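The block underneath contains the structure these notes are about, expressed in structure tokens.
The values are calculated or read from the model by the stated rules, or taken from the named source; none is laboratory data. Not measured: the values here are computed from a predicted model. FYI the Cβ positions are ideal-geometry reconstructions off the backbone, even for glycines, and counts take in every protein chain you see.
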Amino acid sequence: MSAHRYPVRVYFEDTDAGGVVYHANYLSWAERARTESLRAMGLPHALLTERHNMFLVVRRVEVEYLRPARLDESLLIETRVERVGGASLDLVQDVLDEGDGLRTRLKVSLVCVSRDGLRAARIPEPWSTALRNVVTPPA
């Protein structure tokens, strides 16, 4: 699995008064897509917390809005791992329309932190290896 795809439908609640998706909703969709991509790898967030007392937090997000999404459109959030470090990883998440046209691109940096103290910690196994196995170099 080099890229995970998560489907989204644009509902009325996702839009502003002009019927265009409100900018903050892309962040929510990206979060769900990241969670589902880990679940698809058999490595859900809850397991990281239960086994290692750690979790992944967003350190940085860069969003480029290219074309607006509108009410009732069907979209895909494609998640790709670009880099895995000792305690961090970088992802690219593309919001695509049904024709695979790029609507929005998010570049996300995550850090693994200990639950106690919220300090950076090495990404434990099997997460580290599994994430390294799906790295897709930047285009």
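Quick look at the values:
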quantity	calculated
So ILE123, is it over 17 Å from SER28 (Cα atoms), among the hydrophobic types (A, V, I, L, M, F, W, C) and under 18 Å from the mean Cα position of the chain (by Cα)	yes
Residue ID - modelled with the lowest pLDDT, chosen from residues in the range 96-136 that are within 30 Å of PRO68 (Cβ to Cβ) and polar (S, T, N, Q)	THR136
Criterion (touching a Cys at 6+ places or on another chain (Cβ under 9 Å) and of a type in the set (Val, Ile, Thr)) met by exactly one of VAL57, VAL63, VAL81, VAL95	VAL57
Sole exception among (1) touching a helix residue (DSSP H, G or I) at 6+ places or on another chain (Cβ under 9 Å); (2) small (Gly, Ala, Ser); (3) assigned to a strand (DSSP E or B) for GLY86, by number	(3)
Tally of residues being surrounded by 14 or more Cβ atoms within 10 Å (Cβ to Cβ), free of Cβ contacts under 8 Å to residues at least 60 places away in the same chain and either in contact with a helix residue (DSSP H, G or I) (Cβ under 8 Å, 6 or more places away or on another chain) or part of a helix (DSSP H, G or I) (or both) across the range 8-21	2
In the range 39-79, residue surrounded by the fewest Cβ atoms within 10 Å (Cβ to Cβ) [restricted to those that are touching a residue at least 24 places away in the same chain (Cβ under 8 Å), among the hydrophobic types (A, V, I, L, M, F, W, C) and not in a strand (DSSP E or B)]	LEU66
Test set (1) modelled with pLDDT under 95; (2) under 19 Å from ARG39 (Cα atoms) - ALA139 fails condition number	(2)
Every pair of residues 6+ apart whose Cβ atoms lie under 6 Å, when the first sits in the range 115-138 and is within 17 Å of SER2 (Cα to Cα) while the second is at pLDDT below 95 and of a type in the set (S, T, N, Q)	VAL134/SER2; THR136/SER2
Hey, GLU36 out of contact with any strand residue (DSSP E or B) (no Cβ under 7 Å at 6 or more places or on another chain) and either in a helix (DSSP H, G or I) or surrounded by 12 or more Cβ atoms within 10 Å (Cβ to Cβ) (or both) or not	no
